[in-house]
Structures are given as structure tokens and as C-alpha cells.
Amino acid sequence: MTTDIDLTGQVAVVTGGGGGIGAATAVALATAGAHVVVAEIDEQRAKDTVERIGAAGYWADALVVDVRQQEDVQRLAATVLEHHGRADVLVNNVGHHLGARPFLQGDPAHWDALHAVNLSHVFACSRAFLPAMVARGAGSIVNVTSVEGLRGYPADPVYGAYKAAVAHFTRCLA
């Protein structure tokens with residue numbers, strides 16, 4: 001992979017960096033020169049991404065984090081700041097359907113689980129990293145959302161609503 005973007009010397013944190021969009025994002029950021037912190041709930045998936053980055057000649061490390069847990073998010077931010085001094089880029093990538101359900105088949109427990117994995121973590125991670133970015137006057141937060149947040153999708157309207165909220169939150173922070 002080649003890129004015209006130069007992130008040499010920058011530190012990037014990718015939540016959900018163990019697979020799919022997150023792993024591809026982590027590899028792209030590393031290829032652009034960033035040191036990548038792969039934050040992932042699944043330790044093996046995180047290690048796999050770090051090994052993939054290392055095999056390509058770049059540098060990354062893994063942290064096992066459940067971004068649904070505020071304590072884990074705070075530990076992630078503290079660890080990154082302690083070991084790297086800053087985070088230049090935060091990619092809030094975690095998200096999941098958790099089994100698509102039409103609205104009438106859902107229940108409050110499922111809605112809460114969707115909220116935690118698709119929206120609440122975006123708030124928590126942004127809040128954990130943003131103060132240091134503001135203090136430095138530099139930094140970028142990238143929030144990954146879905147086309148389902150832009151159009152109606154009857155099979156999973158709650159997921160779509162949370163993804164729309166991520167897009168709105170992103171516009172507000174910008």
C-alpha cells in the first residue's frame with residue numbers, strides 16, 4: 001500500500017483495529033508513517049494486526065480494551081499518553097449490528113447494547129483524548145459511521161439511528 005499522506009512521527013489510536021475497516025485503517029496509518037496503537041477487545045485480533053503492520057516494516061502495538069467500559073477507555077488514553085506522550089489521531093471505529101432486528105422485535109436491552117458499541121464509546125473515547133489534543137492545539141478524531149445512518153433501513157432502525165447520531169456528533173465537534 002502506498003500513500004501520499006505523511007504521518008511520520010505521529011501517534012494514531014484505532015479502536016476496533018483488529019479486523020475489517022479497523023485493521024485496514026491501522027495498516028494505512030502505519031504505512032503513512034504513524035505509530036499505531038491497535039485498541040481491540042480481542043487480544044489475538046489485535047496481535048494479528050500488529051504483526052501484519054510489523055511484517056510490512058512499520059511499528060505498532062496492541063492494547064486490549066473494551067471501549068464499552070469507561071474504565072478501559074480511561075486506561076487506553078492514560079497508557080497512550082504515558083507511553084507516547086500524545087495521540088495525534090484517534091479513529092473511533094468500533095461498531096456492530098449485534099444481530100439486525102426490526103424495531104418491533106428489539107427490546108431495551110438490545111438497544112442499550114447497540115448504544116454502547118455504536119455511540120457511547122465514541123463519546124467516551126473522544127472525551128478521553130480530546131482534552132490533550134485541545135491543550136496541544138492539534139489532533140484529529142475520525143469517527144467511522146455507516147450509510148445506514150443516512151438512509152432508512154427497516155431491518156435495523158436502531159443501529160441506523162445510532163450511526164446517524166455519530167455523524168451528527170462528528171459535525172458538532174468539528
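Each value in this text was obtained by applying a stated rule to the coordinates, not by laboratory testing. For clarity, every value in this text was computed on a predicted model and none was experimentally measured. With ideal geometry, Cβ positions are generated from the backbone for all residues, glycine too; neighbour counts draw on all protein chains shown.
Summary of computed values
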{"item": "Unmet requirement for L119, which otherwise passes all of (1) touching a helix residue (DSSP H, G or I) at 6+ places or on another chain (Cβ under 8 Å); (2) surrounded by fewer than 17 Cβ atoms within 10 Å (Cβ to Cβ); (3) under 18 Å from G95 (Cα atoms); (4) not charged (D, E, K, R)", "result": "(2)"}
{"item": "Filtered residues of region 46-82 (kept if part of a helix (DSSP H, G or I) and loosely packed, with under 13 Cβ neighbours inside 10 Å)", "result": "E51, A55, E71, A78, E82"}
{"item": "Selection count, region 135-174, where residues are in contact (Cβ under 8 Å) with a residue 40 or more places away in the chain, hydrophobic (A, V, I, L, M, F, W, C), assigned to a loop (DSSP other than H, G, I, E, B) and touching a helix residue (DSSP H, G or I) at 6+ places or on another chain (Cβ under 8 Å)", "result": "1"}
{"item": "Enumeration of residues in region 1-43 that are part of a helix (DSSP H, G or I) and closer than 16 Å to H84 by Cβ", "result": "A26, L29, A30"}
{"item": "Residues of region 30-43 that turn out to be surrounded by fewer than 18 Cβ atoms within 10 Å (Cβ to Cβ) and either without any contact (Cβ under 8 Å) to a residue 12 or more places away in the chain or within 16 Å of V73 (Cα to Cα) (or both), as a count", "result": "2"}
{"item": "Any hit, region 91-100, residues being outside any loop (DSSP other than H, G, I, E, B) and either buried (at least 16 other Cβ atoms within 10 Å of the Cβ) or of a type in the set (K, R) (or both)", "result": "yes"}
{"item": "Sole exception among (1) hydrophobic (A, V, I, L, M, F, W, C); (2) assigned to a loop (DSSP other than H, G, I, E, B); (3) under 23 Å from D156 (Cβ atoms) for V122, by number", "result": "(2)"}
{"item": "Given (1) more than 19 Å from D66 (Cα to Cα); (2) free of Cβ contacts under 8 Å to residues at least 24 places away in the same chain, index of the condition A132 fails", "result": "(2)"}
